[in-house]
Structure formats: C-alpha cells, structure tokens
Amino acid sequence: MWGGRFSSRPADIMQAINVSIGVDQRLWAQDLAGSRAHCRMLMAKAIITEPDGQAILNGLDTIEAEITGGIFPFRDQYEDIHMNVEARLSELIGEPSGRLHTARSRNDQVATDFRLWVRDACDRAVEQLQGLQKALLARAEQHAGDLMPGFTHLQTAQPVTLGHHLMAYVEMFGRDAGRFADARTRMNENPLGAAALAGSPFPIDRHMTAQALGFDRPMANSLDAVSDRDFALESLAAASITAGHLSRLAEEIVVWMTPMFGFASLPDDLTTGSSIMPQKRNPDAAELVRAKSGRILGSLVALSTVMKGLPLAYSKDMQEDKPPVFEAFDALTLALGAMTAMVSALQPNTEKMAAAAGAGFSTATDLADWLVRELNLPFRQAHHVTGAAVKRAEALGVGLADLSLDELKILHPGITEAVYEVLSPEASCASRQSYGGTAPEQVRAQIAEWKSRLA
Ligand code: ARG
C-alpha cells in the first residue's frame, strides 16, 4: 500500500507487532458499510465516476459474499481489515479499486468502523439488560409478598420481601441501560471524512455519509474525529458498572445457595457437580458472572491507559483499542445471558427465607418505632429500651415476640399488648408503606410501573 517510498518489505518482527487482522476482522461488516457509504458519496459528488463507483460497489458485494461464505482470504500481510478489503477489491475489480480511498484515510475509516461496532454493542447491551429486567420483574411479581431477611453488613437487619430485593436490581439494571443509551447518543457522530487528520480538499459531503451510516451528524473537528476513543471508554465504563451490579447479584446467588443459607437453588442444568465430592452442586455460572467483572473493568483500565498521554492526532497505540472492547463486550454478553437464565430458573426456598426473616431480632426497629409512636419516647431512648429487650430475649434464647408482656413492662411500664402487632416480620414489612419501601403494595406498585416502562 505504500511501496512507492519503501525499498524493503517489513521485517518479520515488524509485521508481527503491527498485524491486527486477527482482531479487527470482526469489523468487516462495519468496514463494508463505511466503504459503501463513502463510495456512494464520492459518486454523488462526482469525485469518482459512476462506472468506477459501480464496480467498487459490486466488488464490495462480492467481498461480503466471500466473508459470509467463509472463503474470504484474511491475510496477515495486509495488516488490518481495511487493507485486506482493499487488497481483495483490487484483485476482484482491478484499477477502479484504487479510487475508493480518495478523500479517506484508515484513520477516519477505523474510527468510523469502531464507532459503528461499539454503537451496536451498546444497543445489544440495552436489549439484554431489558431482558434481564423482565426476568427479574416476573420473579419479583411471584414473590412480592414473600418474606426474607434484609441485611446490612450481611447481618440480619430488617425483614424485606424477596420481590423488593429483586426489584432493587431492576432499578440498577435500568440505570445501566440508561448509561449505554446515553453513551450511544454522544457517540453517534460521523468521523468519516476527517481523512488522515486535517479534513479533505475534495468536495466531500460528510452529512451524506453520516446519514447513510445512521449517525446524527458529522463530527465537528477532524483531529478529534480520528484521535479520540472516549466513546469506547464510555461504553466500557457503562459495561464495568453493569458488571459490578451483575457481580453483586451473582454473589448473592452464591451465598443463597450455600447449605448454611439454603435460601435458593438452581436446577441441574445451571449448576455443576464435583468430580470427587458427590454431594456438591456448584453455582459455577454465578461465580463466573462474578469473575467477568474483573475482565470487564480490566478492559476499561487497559484502554484508559492506552489513551492517556497520546498527542493528537492518530497514533498506532490506538490499534490496541479493539481487544479490550471486544473482550469486555463478549464477557458482558455471556454474563447477562447467564444471569438472565439463572434469575428465571432460581428456585427460592421461601419457607427458609421467611423463617430467617423473623430470626435475629429483625423487628427490633419496629419495637423502637412503636415506642416512639405510641409512648412518645425520643427515638434514642426507644433504641435503648429495645436494646435491653433484645438482650433479655437473647439471654432467654427466644425471639422478641416471645417475651411476655410482664418482661416487656419491666423494660418500660407503658408497653401494652398492642406491641405484639408490630413484632412479626409480616407486620414489619406491611408497615413500610413509604414510597419505595418494602410493603408488598409498594413493591407491586413499582413492578407495575416498570412493566409499563418496559412494555
Ligand atoms: N489498524 C489500524 C487501527 O486499528 C488502522 C488505522 C491505521 N492508521 C495508520 N495511520 N497507520 O488503528
């Protein structure tokens, strides 16, 4: 491609470090789309002739057929996807192929291809996230009234419903989808026509290629267009945050599935056994979802590090942008798919969860709140009285609701029989009617809201 100035072929090591076709052949569809849009624009602006343009478009069709048919010769000697396509085009149609690269550089070409790929990846992520949200919604609806312990510090805190717990993830994944959608909006500008870095002396129409490729507008600065990869970083940041959320849910599934918790199980087809311990049923898929967050966040760190400190405009460092992005989105696709399957198939042990919901003095706050409401105690004093009640119950080896009224009256003489109404986990949940609270009505209201949002 640049033989004119060079008198020797690249050294083997030069080719070895430079070659990227093994990675960027994944951009073939975007590369062909970009070339077609560019070619049509060159024809429309009479920068190339109709017959030449038509020959190029036909050649690109043949290349597409070869690639989808698995017979396209991807060759290391042509370095990357752009030059592989151009070299093949030259073999197929001869002289007109050399006109396709008019008013274009690989710099704006790769920036365009990669933006198109990342844009699709963000769209796929949103779709998958919504699928996961729907799976969570269905389960939350089933379990809107089923009790489980809510935790802080992984210590029993207050009773919640399983539906409420699952809906917390619906919120998180909703924000994740929003981040991908925001990133998409910002990245949807056309780099094509920035050429090498300074723009083009040909009368190109960048609005035309923008429209053909589904971009909102051309990028306004040619240097910026070829040299930033913030769109990829933003998508990796969105992916990293999503992966963090997935990893938390995965961790909960792992914990719930331990015999010690026994809160849930997964069917055989979503677990694995042990080759030595016959009793084992391992939540490998959840563990791997948890682990994928490491690779995804690693990709964000890798690309941020590649990009920092690069002078404008293009540097070859930027060829290293693709592996982390491909790796992160491959991992994310798997993780979202596996999590959706697990959420749909999860078999909660609602009895065990409900029993645990009432254990660990989980309604202590309800007792304190009752003392505030009914006896007008300052909350700090109510907290103290309740602490004494917990201590007494602990000493007797019983729950708060099992303390007799006489025992309670020793702690505060104003306490009446009515207090028992707030000491059950059911009553505790039912009373939390504040907006966004765990009362089943509130949970059902949020489920209905999300259902219409996702419909
Ligand atoms: N394969 C290159 C990349 O991915 C394409 C751009 C090459 N540009 C250049 N000036 N060498 O970044």
| task | Starting from the Cα of LYS280, draw a straight line to each of the aspartates and glutamates and keep only those under 16 Å, dropping any in the same chain fewer than 8 residues away. | result | ASP268, ASP269
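Apply the a/c threshold of 1.5 to the C-alpha gyration tensor of the stretch 299-380 and tell me whether it is rounded, prolate or oblate. The partial results should precede the final answer.
On the way: a/c = 6.92, a/b = 2.15, b/c = 3.22.
It comes out oblate by the Cα gyration axes.
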| Where nothing but the Cβ of Lys and Arg (+1) and of Asp and Glu (-1) is charged, how large is the charge dipole of the chain around its Cα centre, in debye to the nearest 20? | 560 debye
| note | In nm, the gap between the two label points placed 7 Å beyond Cα toward Cβ at TRP2 and ALA345 is 5.2 nm
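Could you check how many percent of all C-alpha pairs in the stretch 173-276 are farther apart than 18 Å?
Numbers: 3518 of 5356 pairs.
That tail contains 66 percent of the Cα-Cα pairs.
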| message | Could you check the spin-label model distance between THR416 and ASP61? Points 7 Å from the Cα along Cα→Cβ, value in nm. | response | 8.8 nm
| Candidate lysines - alpha carbon under 18 Å from LYS391, same-chain residues fewer than 8 apart omitted | LYS409
| query | So what are the radius of gyration and Dmax for the Cα set of the stretch 336-455, in Å? | reply | 18.3, 57
| On a 0 to 90 degree scale, rounded to 10, what angle separates helix 50-68 from the longest Cα axis of the chain? | 50 degrees
| query | For the stretch 245-312, what mean projected area does the convex hull of the alpha carbons give, in nm²? | reply | 6.7 nm²
| So what is the calculated 222 nm ellipticity per residue for the chain, using -39500 (n - 2.57) for each DSSP H run with n of 4 or more, over all residues, to the nearest 500 deg cm²/dmol? | -20000 deg cm²/dmol
| query | Relative to the present Cα-Cα distance, how much length would full extension add between PHE74 and PHE202 at 0.36 nm per residue of separation? | reply | 43.0 nm
| task | Quick one: check the C-alpha center-to-center distance for the stretch 418-436 versus the stretch 206-268, whole angstrom. | result | 39 Å
| note | Rg/Rh over Cα atoms for the chain, Kirkwood Rh, comes to 1.16
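What does the C-alpha gyration tensor say about the overall shape of the stretch 62-126? Classify as rounded when a/c is under 1.5, otherwise prolate if a/b is larger than b/c, or oblate.
Numbers: a/c = 2.25, a/b = 1.44, b/c = 1.56.
Verdict is oblate for the stretch 62-126.
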| field | Label-point separation in nm, LEU405 to PHE379, each point 7 Å along Cα→Cβ | value | 2.9 nm
| Under 5 Å between amide H atoms, partner at least 5 residues away or on a different chain: which partners does THR272 have, H built in plane at 1.01 Å? | ASN282, ASP284
| field | On Cα atoms only, tilt of 28-44 relative to the major axis of the chain in degrees | value | 50 degrees
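Once the piece of chain linking THR185 and MET277 is laid out straight, how much longer is it, given 0.36 nm per residue of separation minus the C-alpha distance between them? Don't skip to the end; give the middle numbers.
Working: separation 92, 0.36 × 92 = 33.12 nm, distance 5.11 nm.
Value of the extension gain: 28.0 nm.
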| message | Treating only the Cα positions of the stretch 354-421 as identical point scatterers, give the base-10 log of I(q)/I(0) from the Debye formula at each q in 0.17, 0.28, 0.29 Å⁻¹. | response | -0.53, -1.43, -1.50
| task | Could you compute the FRET efficiency for ARG453 and GLN15, with r as their C-beta to C-beta distance and R0 at 41 Å, rounded to 0.05? | result | 0.20
| √(5λ) per eigenvalue of the Cα gyration tensor, the stretch 125-202, largest first, Å | 45, 14, 6
| query | Relative contact order, percent, of the chain when contacts are C-alpha pairs under 8 Å separated by at least 6 residues? | reply | 17 percent
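What percentage of all Cα-Cα pairs in the stretch 259-418 are separated by more than 20 Å? Could you put the intermediate results ahead of the total?
Working: 8904 of 12720 pairs.
Across the stretch 259-418, Cα pairs with separations above 20 Å total 70 percent.
How much of the DSSP bridge set in the chain is antiparallel, in percent, rounded to the nearest 5?
Working: 9 of 11 bridges.
Taking every DSSP beta bridge within the chain, about 80 percent pair in antiparallel fashion.
Hey, fewest Cβ within 10 Å first, where do VAL372, VAL160 land in order? Numbers along the way, then the final one.
Numbers: VAL372 16, VAL160 26.
Fewest-to-most Cβ neighbours within 10 Å comes out as VAL372, VAL160.
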| Gain in length, ALA157 to GLU127, computed as 0.36 nm per residue apart minus the alpha-carbon separation, to one decimal in nm? | 7.3 nm
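Values quoted throughout were computed directly from the atomic coordinates according to the rules given, and no laboratory measurement underlies them. Given the structure is predicted, the values throughout are model-derived calculations rather than measurements. A quick note on method: Cβ atoms are made from the backbone with ideal geometry, for glycine too, and the neighbour counts reach across all protein chains shown.
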